[in-house]
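Accompanying notes for the structure given below.
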Amino acid sequence: MAYQIRNFVIIAHIDHGKSTLADRFLELTHTIEGRKMREQVLDAMDLERERGITIKMQPVRMLWHPQIQNSKIKVQNDNEKFKINPPEADTKILPFDFYIFNLIDTPGHVDFTYEVSRALAAVEGAVLLVDAAQGVQAQTIANLHLAEKEELAIIPVVNKIDLPNADSKGTADELAALLGIDPAEVLFVSGKTGAGVPALLDRIIEAVPGPKGNTREPLRALIFDSQFDPYKGVIVYVRIVSGSVRKGERIRMLSVSKVSEVLEVGYFTPERRETERLEAGEIGYIASGLKEAGVRVGDTVIVPDMMSRNR
């Protein structure tokens, strides 16, 4: 299944349209029912919605059926109005009928750079989003450097091409110069109208490599975030690096000596949804049952006897 998984983030300067683009992803992949859609779905905190910015990272799992969906999708505006020629999403035959997209929506403000760096360690690719009217900004470059440090596949995208003052071509040239690529490799989208978004989803399949990892090896899972639940204890947000984990199995964190029994595993829709198991390459959560503090972001979840095996 790892061949069909794509783990990626959207990185951008603040207010360049990350959350709105994420809304279109959720809409086009039917992750959220149309009647439940609202603006900034992944911005769950009241302050985020009030200020219109992302503060806390939020993972979400989506299913994309490229051939089926591209034959049905109609965007609200004709790309000719924007005087650009984005690649057609329905002209390429992709090897699988569906793909699992694990998106981590990240903050764009400089104050939350640590949040971004944690997310980048859990993925293989990054959509680098730039506002067509504002062009490349300081945090665009800062986030790009973080992604390059993690050796992620970078997908350059010009957003907000529907704006009256959009300079789509100029922004694409600026992005291309920054990345040292041909401007023809830059994609054009409107997160607001949906223009160009299906082509971007297909580009993610092509440009972002599937995750590595062997399900037959012992469990290793990277913790990139956590929260506390009064009933389920510490819930760790993880990228499964190798092996697998399911409810009832015993685990331990490298930094915490206590062994615990897994109460639940699952993925984000963006709400938590329980599943039978998580395996290598997937992003999801583990309800550890641990009540004590001490679980650290960046720590690794392992099986209890792994330490003795390595001695």
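Assorted remarks:
- Residue match in segment 162-173 (condition: out of contact with any strand residue (DSSP E or B) (no Cβ under 8 Å at 6 or more places or on another chain), at pLDDT below 90 and more than 14 Å from His13 (Cβ to Cβ)): no
- Once segment 228-240 is narrowed to residues that are without any contact (Cβ under 8 Å) to a residue 60 or more places away in the chain and closer than 19 Å to Pro59 by Cβ, the residue that is surrounded by the fewest Cβ atoms within 10 Å (Cβ to Cβ) is Phe228.
- Residue within segment 260-281 that is over 17 Å from Phe101 (Cβ atoms), in contact with a strand residue (DSSP E or B) (Cβ under 6 Å, 6 or more places away or on another chain), modelled with pLDDT under 95 and not in a strand (DSSP E or B) present: no
- Taking the criterion of being more than 16 Å from Arg6 (Cβ to Cβ), touching a helix residue (DSSP H, G or I) at 6+ places or on another chain (Cβ under 8 Å) and in a helix (DSSP H, G or I), the residues of segment 113-139 that qualify are Thr113, Val116, Ser117, Ala138, Gln139.
- Being of a type in the set (D, E, K, R), surrounded by 13 or more Cβ atoms within 10 Å (Cβ to Cβ) and not assigned by TED's automatic domain parsing to the domain that holds Ser19 holds for only one residue in Asp299, Asp305, and it is Asp299.
- Pairs with Cβ under 8 Å, 6+ apart, first in segment 1-29 and under 29 Å from Thr215 (Cβ atoms), second in a helix (DSSP H, G or I) and among the charged types (D, E, K, R): Ile10/Lys18
- Failed condition for Val295, given (1) modelled with pLDDT of 90 or more; (2) assigned to a loop (DSSP other than H, G, I, E, B); (3) over 30 Å from Pro156 (Cβ atoms); (4) not polar (S, T, N, Q): (1)
- A search for C-beta distances below 6 Å between a residue of segment 130-154 that is basic (Lys, Arg) and any residue that is surrounded by fewer than 18 Cβ atoms within 10 Å (Cβ to Cβ), counting only pairs 6+ apart in sequence or on different chains, returns nothing.
- Condition met for Val265 (without any contact (Cβ under 8 Å) to a residue 24 or more places away in the chain, in the same structural domain as Gly289 (by TED's automatic domain parsing) and under 26 Å from the mean Cα position of the chain (by Cα)): yes
- Residue ID - nearest to Leu201 (Cα to Cα), chosen from residues in segment 158-189 that are touching a residue at least 60 places away in the same chain (Cβ under 8 Å) and either of a type in the set (Gly, Ala, Ser) or in a helix (DSSP H, G or I) (or both): Ser168
- Test: residue in segment 188-199 that is in the same structural domain as Arg24 (by TED's automatic domain parsing) and among the polar types (S, T, N, Q): yes
To keep it simple, each residue is scored yes or no on (1) more than 22 Å from the chain's Cα centre (by Cα); (2) among the basic types (Lys, Arg); (3) closer than 20 Å to Met57 by Cα.
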site	(1), (2), (3)
Lys212	no, yes, no
Ala221	no, no, yes
Ser226	no, no, yes
Ser242	no, no, no
Lys247	yes, yes, no
Val303	yes, no, no
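The values are calculated or read from the model by the stated rules, or taken from the named source; none is laboratory data. It should be emphasised that the depicted structure is a prediction, and the values quoted were computed from it without experimental measurement. A quick note on method: Cβ atoms are made from the backbone with ideal geometry, for glycine too, and the neighbour counts reach across all protein chains shown.
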